[in-house]
Amino acid sequence: MAEPKLDPTIPPGLHLVSAFLSMEPTNTLLSLSRECGGGLVTEGVQRFIWDHCISNEAGEKGYGPYLRNFVKRLISEVESRNGTVLDELYEQCGYYMSSLKDDRLVKGSARVHKCISFLFPDGCEPPSCPKSSNLVVPLRCSLNMLEGDTGCSVWPSSLYLSEFVLSFPDIFSNKSCFEVGSGVGLVGICLSHVKASQLNQLSAETDVLERFGEDPNTVKAEMYNKSKVKCFHLPWESATESELEEYLPDIILGADVIYDPSCLPHLLRVLVILLKQKKAYTQTWEESCEGRLQDAEHINVNGASEGKSLFAHDIQCVNIQNGNRTDPCQVEELHGGSSVARLMKCPVAYIASVIRNIDTFNCFLKLAEEANLVIADITEALVPLNLLPYMQSYNRSSIRLFTVKCK
């Protein structure tokens, strides 16, 4: 019986290609290769890998030692099961062995190209990606996780925060966002994609429409020249209050920023300055609530489900509550009969972090309490979609998501 042909646009072929592009560990690639072949790395699976991973543009741009290791392990896997290895793979392995004899030749420029593919589940039409079901983000990053003050590598919390942004675009759409510790830039690209109005006070105009690869349902995030989404160096230790007060963010974001006790006082100082700046918020009641003041147990976003109505900064329709009653003090009658809600909105911070050291995290909590900040764990309350199902090295369960607000 002929093998079923693998399709790079749907699982399991899509998962294998996505894992390769994101430089998942070789064990992950082999596991997905077996899945494609029903338990074995068949000749059909090898041909698929050759066509869609090794011999195409992705292979040409790939990191030599990574490709060499994968091809060697792939050949060993097939041979150990008494299978037939494609001649092309033997030849490619020989090429890698002869041209990459000394890894030191490539370690000097240990920057690699990765593509992180966010794959939306079947039946899900994400508002963050209305013209496609997949989003591919090309990155140039370091293999050294500690290079550039941890800012050049893809960390697990940045993956989680990116999933969160793409899963709940209404929270960030048309909001001014400020990211502390922007890392390799993945979260910033996702914020731009869901139409955040500003990132670090710079307008976000990127329109992601470029098709990627062979899948008509996939687009590639591309930072075009017209984009104003940028990262700049503003060390926590030396950032002055006047510098930070130039920004009036609605939302502050941070991924894996709770890692060094000596840096925490500086991080908390930055958060306090950014979070204490209240923004005037004005909206006609007729526009936002169809002309009616309603008693409400939850603050709702345009009739959204309770699962999306947890935070005051999310609201389009604002009901200020006093017990179970709307507080009339927050409503001002204007000439002409328009009801207008005039509020002072406080920013909120979303911090995603792996708690690697409980003492360091407790230090963060203590300093936050002393700074009159309120921290809430919302990991279970707002669970993002699993948009990286192929990434077996990514342990989502180890990551917690917190909100930070001023008291």
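Throughout, read-outs are computed from the coordinates displayed, never taken from laboratory work. Everything numeric here is computed off the predicted structure, so don't read it as measured data. No Cβ is skipped: glycine too gets one built from the backbone with ideal geometry, and neighbour counts run over all protein chains shown.
Please give the contour-minus-distance gain from TYR63 to GLU35: 0.36 nm per residue of separation, less the Cα-Cα distance, rounded to one decimal in nm. It would help to have the intermediate numbers written out before the result.
Details: separation 28, 0.36 × 28 = 10.08 nm, distance 2.45 nm.
Length difference between fully extended and current span is 7.6 nm.
Treat each spin label as a single point 7 Å out from the Cα along the C-beta direction, and report the LEU143 to ASP122 distance in nm.
It is 3.8 nm.
How do 26-35, 388-397, 112-121 rank on mean C-beta neighbours within 10 Å, highest first? Walk me through the numbers before you get to the answer.
Numbers: 26-35: 18.3, 388-397: 16.2, 112-121: 20.3.
The packing order, highest mean first, is 112-121, 26-35, 388-397.
Need the full-extension length gain, SER262 to ASP377, defined as separation in residues times 0.36 nm minus the C-alpha distance. One decimal, nm. Walk me through the intermediate numbers first.
Working: separation 115, 0.36 × 115 = 41.40 nm, distance 2.32 nm.
Working it through step by step, the gained length comes to 39.1 nm.
Relative to the present Cα-Cα distance, how much length would full extension add between SER242 and ARG111 at 0.36 nm per residue of separation?
So the extension gain works out to 43.6 nm.
Separation between the GLU43 and TYR95 pseudo-spin-labels, each 7 Å from Cα along Cα→Cβ, expressed in nm?
With each label point 7 Å from Cα toward Cβ, the separation is 2.2 nm.
Highest mean first, what order results for 165-178, 49-62 on Cβ atoms within 10 Å? Could you put the intermediate results ahead of the total?
Details: 165-178: 20.9, 49-62: 16.9.
Per-residue Cβ counts within 10 Å, averaged per peptide and sorted highest first, yield 165-178, 49-62.
How far is it, in nm, from the label point at GLU370 to the one at SER55 when both lie 7 Å from their Cα along the line to the Cβ?
6.4
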